[in-house]
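First comes the structure, then the notes that go with it.
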């Protein structure tokens, strides 16, 4: 990887500086991955010149190839480039912990026995989550459509999007297997195409995550074999924990969030909802909507929403365990593979896999709006949802602003004596 423009090790920041700067981003990083990437670029490339522009772009490409929270992985990678393993651990923790502590504190408030106006705020903010999901999907669709190319690839792109949307609405906890299956089918299709090795599929930007794509292995055949092996252990683990609802079940849900989700932060919503609400009954629909709203309204990575699910399932222990399991893969991917990031951006086998799994993930995000909207219990919440959709989709207001306005509307309903659940 290109490092000519990077300062010498003696000029790189100390661990104390890493903790301070990455902690600042963790505290101020409202707006999700785009905000995190912009803040990391401003810090590491523009202002301090710790990392070269080319290397930063390669890192974005590689982390978007990996499953799980890309902006968290990018933060860990940038800290790893500064001070190795110690830097990765210190910077990653500083990036994650501020928002995590805040969201767990809010979970204790919203999931306990709060006053009516607080429950109203949660019900109001939760009401617009379906619109937030739809807005997230619509923002991803144009770029994904362009990257699909032309002809048969675009026809398959439509099929993958529809498959993801249908799976979210009907299959619940099996969604992750549908995402993997879409990737495997696209991989097999591209390998059977005579134009694959040197054609558009091999050289294009990645399907949905960023400017390039790659995989886990150096050889195409080894990569394909490994990808085909994923569904078997995944199904085995799921079958083992499906009846328990205990800590192992919580760990499986968190693992799916941190290691098996493709297509952006919001794809974790249907993965969590199927387990937390429908299968294990850790939360009601209203509580889950509150959890998603909190994840959107607090700084830091959206993945920390899993902490609210963990808190609902098993208190503080559950919140800590779920967070640990969800974020560990991000650290593992960086610590084990960061030296190979330049190769990840050139592997056509994983590009083909993501050409299927990526659009299916976008469909899953859009499809999650159906069960999220179905969870609304009060008529006034439907009105708030409609208003939120107008603000997000037509007026182009920000997510945090929309959530705050919806929460204020819910508090007003509660103070007026209306039902808030």
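Throughout, read-outs are computed from the coordinates displayed, never taken from laboratory work. Owing to the predicted nature of the structure, the values given are computational and were not obtained by experimental measurement. Note: ideal-geometry Cβ built from the backbone for every residue, glycine included; neighbour counts use all protein chains shown.
Tabulated values for the structure
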quantity: Sites residue 53 and residue 162 - FRET efficiency at Förster radius 45 Å, r taken between beta-carbons, to 0.05; calculated: 0.75
quantity: Cβ-derived FRET efficiency at R0 22 Å, residue 109 paired with residue 379, nearest 0.05; calculated: 0.30
quantity: Pair residue 320, residue 340: separation of 7 Å Cα→Cβ label points (nm); calculated: 3.4 nm
quantity: Rel. contact order, % - alpha carbon contacts under 8 angstrom, at least six apart, the stretch 268-349; calculated: 18 percent
quantity: Full-extension gain in nm, residue 150 to residue 30, via 0.36 nm per residue minus C-alpha separation; calculated: 39.6 nm
quantity: Pairwise label distance in nanometres, residue 14 with residue 191, each label 7 Å out on the Cα-Cβ vector; calculated: 5.2 nm
quantity: Value of relative contact order over the stretch 49-136, rounded to a whole percent, pairs C-alpha under 8 Å and six or more apart; calculated: 15 percent
quantity: The stretch 9-101, relative contact order [Cα under 8 Å, separation at least 6], %; calculated: 41 percent
quantity: Nearest-0.05 FRET efficiency for residue 401 and residue 116, computed from C-beta distance (R0 22 Å); calculated: 0.40
quantity: Volume per residue of the C-alpha convex hull in the stretch 9-101, rounded to whole Å³; calculated: 87 Å³
quantity: Chain lengthening between residue 170 and residue 248 when straightened (0.36 nm per residue, less Cα-Cα); calculated: 25.7 nm
quantity: Taking 39, 272 and counting other C-beta atoms within 10 Å, the order from fewest to most; calculated: 39, 272
quantity: Least to most buried among 50, 145, 160 (fewest other Cβ within 10 Å first); calculated: 145, 50, 160
quantity: Euclidean distance between Cα centres, the stretch 385-401 to the stretch 293-316, Å; calculated: 22 Å
quantity: Residue order, fewest to most beta carbons within 10 Å, for 379, 401; calculated: 379, 401
